[in-house]
């Protein structure tokens, strides 16, 4: 079984891959939604995804010092990856105003560090870019970004190199261009990253 099939199998087993009419964190609409937080109900599978990510980064493991992840969904995957690689872990989270920052108690861990940044599911990359900006304010260098799912079919543009466990082509549209809105299909907004829209 190849890596894509294995990741899809894990997501399917956890009911973490949904089809319908969804509003993403980016504000765009699409037919495919990854409710990745459902995987957290299965620590064994989270640890397996962490092991797979560590394996994906094996050739560059000496080029970074710390594994980081933004709250909430990516924390468990980042932690599992750090555990599999024997690296320190730090996380970021949004404040009451929705602004991303380094979690209190972790600033000294990321300052001047070489970072492997872990994110769960990426549609536009906006949250990843925001997280990178925050880390760079602490003079951290982002050596690599590891994604659970790249929804852009490999067309994602980030200010750092990235690798994904699973790459899919999942179209998304602005509200005024969404074919499902035009058909009157009910919109669902599952999950929340705490990001103000």
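Values quoted throughout were computed directly from the atomic coordinates according to the rules given, and no laboratory measurement underlies them. Every value quoted in this text rests on a predicted model; they were computed, and no experiment measured them. Note that we place each Cβ from the backbone using ideal geometry, even for glycine, and neighbour counts take in every protein chain shown.
The table below lists the values:
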item	result
Rounded to 10°, Cα long-axis angle of helix 126-136 versus longest principal axis of the chain	20
Helix 3-13 vs. the chain, principal-axis angle (Cα, 0 to 90°, nearest 10)	60
Antiparallel %, DSSP beta bridges [both residues in the chain], to 5	35
Under the Debye formula (equal points on every Cα, no solvent term), log10 I(q)/I(0) of the chain at q = 0.16 Å⁻¹	-1.01
Likely footprinting exposure, 110, 134, 99, 7, fewest C-beta neighbours within 10 Å first	99, 134, 7, 110
Ascending count of other beta-carbon atoms within 10 Å, so fewest first, for 177, 183, 35	183, 177, 35
Two-site label geometry, residue 136 and residue 112: point separation in nm, points 7 Å out along Cα→Cβ	2.1
Nearest-ten-degree value, helix 73-85 long axis tilted from longest Cα axis of the chain	40
Label point at residue 187 placed 7 Å out along Cα→Cβ; residues across region 6-37 whose backbone nitrogen lies under 20 Å	18-35
Fewest-first ranking of 97, 65, using other Cβ atoms within 10 Å as the exposure measure	97, 65
Kirkwood hydrodynamic radius (C-alpha pairs) into Stokes-Einstein, region 86-140, 25 °C and 0.890 mPa s, D in µm²/s	207
222 nm mean residue ellipticity, helices alone, for the chain (DSSP H n ≥ 4; -39,500 (n - 2.57); rounded to 500)	-8500 deg cm²/dmol
